[in-house]
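Presented below is the structure to which this report refers.
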Amino acid sequence: KMFTYAVLVLFIGFSISCQGPEGPAGPAGTNGTNGTNGTNGNANVKTITFNNPANWTEGDYLGSSAYIYAHTSNLVTQSILDHGAVLGYAFLANSWHPLPFSWDNGSTIWQRITFTYKLNEIKLYAYDDSGAFTPGGVVSFKFLLITDNTVTTGRLDANSNVYTQLTEAGVDINNYYDVCAYYGIDPE
């Protein structure tokens, strides 16, 4: 009984001794290691890349029969429409070609691929002298969505502004690698 009483007194004593004002803060810990740097890029340029789609549908482009593919992307923003430009490229015959692009298919029929864009969409059109054709030789498409972060009065002014900036800098917009080098983006 005496032992139980002694343990109870010690327990109450320790419980009371835990109360009181908070002590001073302990020393600061060591700093963690720095993370690795990210890849350099350009906040004014976004890219959309996709393989040649299998689901082209027949339709028309400027009154002529064409195969059409509509690619949906939320990167085509109102900002791009208001004060930006979209440059398109097709990868075929082991190199990037600017859109619109035309070539002779070897039998004096000219084949063409072009595109339009609107909010949240880039639409491709493939046609030749005799109507729609499926662009089977194209491996992939890449679009550079460029904004100059200025406010202009309309899309033509915006496109013109981006194109003027590139031209004045000596950049050939028809050369995919020149444009990538100018904006500091990885061409792969």
**Asked** Taking Asn55, is it assigned to a loop (DSSP other than H, G, I, E, B) and modelled with pLDDT of 80 or more?
**Response** yes
**Message:** Which of the numbered conditions does Ser130 fail, given that it passes all the others? Conditions: (1) among the polar types (S, T, N, Q); (2) at pLDDT 85 or above; (3) more than 22 Å from Asn74 (Cα to Cα).
**Reply:** (2)
**Item:** Out of Thr30, Thr49, Thr39, sole residue that is over 22 Å from Asp129 (Cα atoms), at pLDDT below 75 and either part of a loop (DSSP other than H, G, I, E, B) or of a type in the set (Ser, Thr, Tyr) (or both)
**Value:** Thr39
**In the range 161-188, the residues that are in contact with a helix residue (DSSP H, G or I) (Cβ under 8 Å, 6 or more places away or on another chain) and in a loop (DSSP other than H, G, I, E, B)** = Ala169, Val171, Asp172, Ile173, Asp186, Pro187
**Message:** What pairs come out if I take residues in the range 173-188 that are under 11 Å from Leu144 (Cα atoms) and pair them with residues that are loosely packed, with under 14 Cβ neighbours inside 10 Å and aromatic (Phe, Trp, Tyr) whose C-beta lies under 7 Å away, six or more apart or interchain?
**Reply:** Pro187/Tyr177
**Message:** For Phe14, only one of the following conditions fails: (1) modelled with pLDDT under 85; (2) outside any helix (DSSP H, G or I); (3) hydrophobic (A, V, I, L, M, F, W, C). What is its number?
**Reply:** (2)
**Single residue of the range 75-106 satisfying the filter (in a loop (DSSP other than H, G, I, E, B), over 21 Å from the mean Cα position of the chain (by Cα) and among the polar types (S, T, N, Q)) that is nearest to Lys46 (Cα to Cα)** = Asn94
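The values are calculated or read from the model by the stated rules, or taken from the named source; none is laboratory data. Just so you know, these numbers come straight off a predicted model, no measurement behind them. Please note: Cβ atoms are built from the backbone with ideal geometry, for glycine as well, and neighbour counts cover all protein chains shown.
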